[in-house]
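Student: Below are the structure tokens for one structure; questions will follow.
Read the figures in this text as sums done on the coordinates, not as results from a lab. It should be emphasised that the depicted structure is a prediction, and the values quoted were computed from it without experimental measurement. So basically every Cβ, Gly included, is an ideal-geometry build from the backbone, and we count neighbours across all protein chains shown.
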């Protein structure tokens, strides 16, 4: 009987020591080591790839933002603020109706197929039928209208795909150089700037392919608009 109690106590003691040691190693030392390495070698990425302006964090380089006018009475969706460069559509985003303590958005795609609304390769969709064709046609018409200013008319054939389609997450922070270029005349006119100055700004903010061959050239919209704000202030 005594041997049984002694063995049980010895086993419980060994298990308790193992629990304490593993808790210390995996629950304290390992997280501290990983956090220290991340902060030391990848500080910006570890902290969410923050972008600062005027000494304040204004966003992340990995998450797109909207640049809209305040919602007016009777409007269901706000109109874009055309002083700023606009990002990709975010048709897949939802609204947060569960945790109302925070103003969160739900990331996601539209889940519409590539041929949604198409008939034999054509897109005869009606403007409000909810198909991908309808969304693309409506977005293209808006891009043409918004970016056509006196002396510069946008043609439908100039509108790139990323101007009328959302990304898989709906939070893409970047646009193609083609879409940025298409917006130059409108941004210049709305802010009283020369087209040349805005074009140079876009060129400076254009990033090439990662390592020279991965991905596509892109322009981070938040970083571009921060640079635009500085350009307007110094003009």
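Student: For 230, 172, what ranking results if the residue with the fewest other Cβ atoms within 10 Å of its Cβ goes first?
Tutor: In increasing order of surrounding Cβ atoms, one gets 230, 172.
Student: Let me ask something additional. Pairs of alpha-carbon atoms within less than 8 angstrom and 6+ residues apart define the contacts here; what relative contact order does the chain have, in percent?
Tutor: Normalised by residue count, the contact order of the chain is 17 percent.
Student: Going by how many other Cβ atoms sit within 10 Å of their own, how do 107, 176, 194 line up, fewest first?
Tutor: 194, 107, 176
Student: Mind telling me which of 152, 30, 67 comes out most flexible in a GNM of the chain, alpha-carbon contacts under 10 Å?
Tutor: 30
Student: Another question about this same structure. Jot down the radius of gyration and Dmax of the stretch 40-86, Cα atoms only, both in angstrom.
Tutor: 15.2, 50
Student: Using the 2.2 N^0.38 Å rule of thumb for compact globular proteins, work out how the stretch 1-47 stacks up: its C-alpha Rg over that value, please.
Tutor: Relative to the rule-of-thumb radius for its length, the stretch 1-47 sits at 1.99.
Student: Find the Rg to Rh ratio for the stretch 143-183, where Rh is the Kirkwood radius over alpha-carbon pairs and Rg uses the same atoms.
Tutor: Looking at the stretch 143-183, the ratio lands at 1.01.
Student: Counting other beta carbons within 10 Å of each residue's own, what order do 28, 149, 187 fall into, fewest first?
Tutor: 28, 149, 187
Student: Determine by what factor the alpha-carbon radius of gyration of the stretch 132-235 differs from 2.2 N^0.38 Å, reporting the quotient.
Tutor: 1.11
Student: Just to confirm my numbers, what's the Cα centroid distance between the stretch 127-163 and the stretch 1-34 in Å?
Tutor: Taking the Cα centre of the stretch 1-34 as reference, the centre of the stretch 127-163 is 65 Å away.
Student: Right, something else. For residue 49 and residue 12, what does the FRET efficiency come to when R0 = 35 Å and r is the distance between their Cβ atoms, rounded to the nearest 0.05?
Tutor: With R0 = 35 Å, the Cβ-Cβ based efficiency is 0.15.
Student: Name the most mobile residue of 76, 223, 200, meaning the one with the largest mean-square fluctuation, in a Gaussian network model of the chain with Cα contacts below 10 Å.
Tutor: Judging by the Gaussian network model, the answer is 76.
Student: In addition: Select from 27, 87, 40 the residue whose mean-square fluctuation is largest in a Gaussian network model of the chain (Cα-Cα springs shorter than 10 Å).
Tutor: 27
Student: Follow-up. Per residue, what volume in Å³ does the convex hull of the Cα atoms of the chain enclose?
Tutor: Spread over its residues, the Cα hull of the chain gives 262 Å³ apiece.
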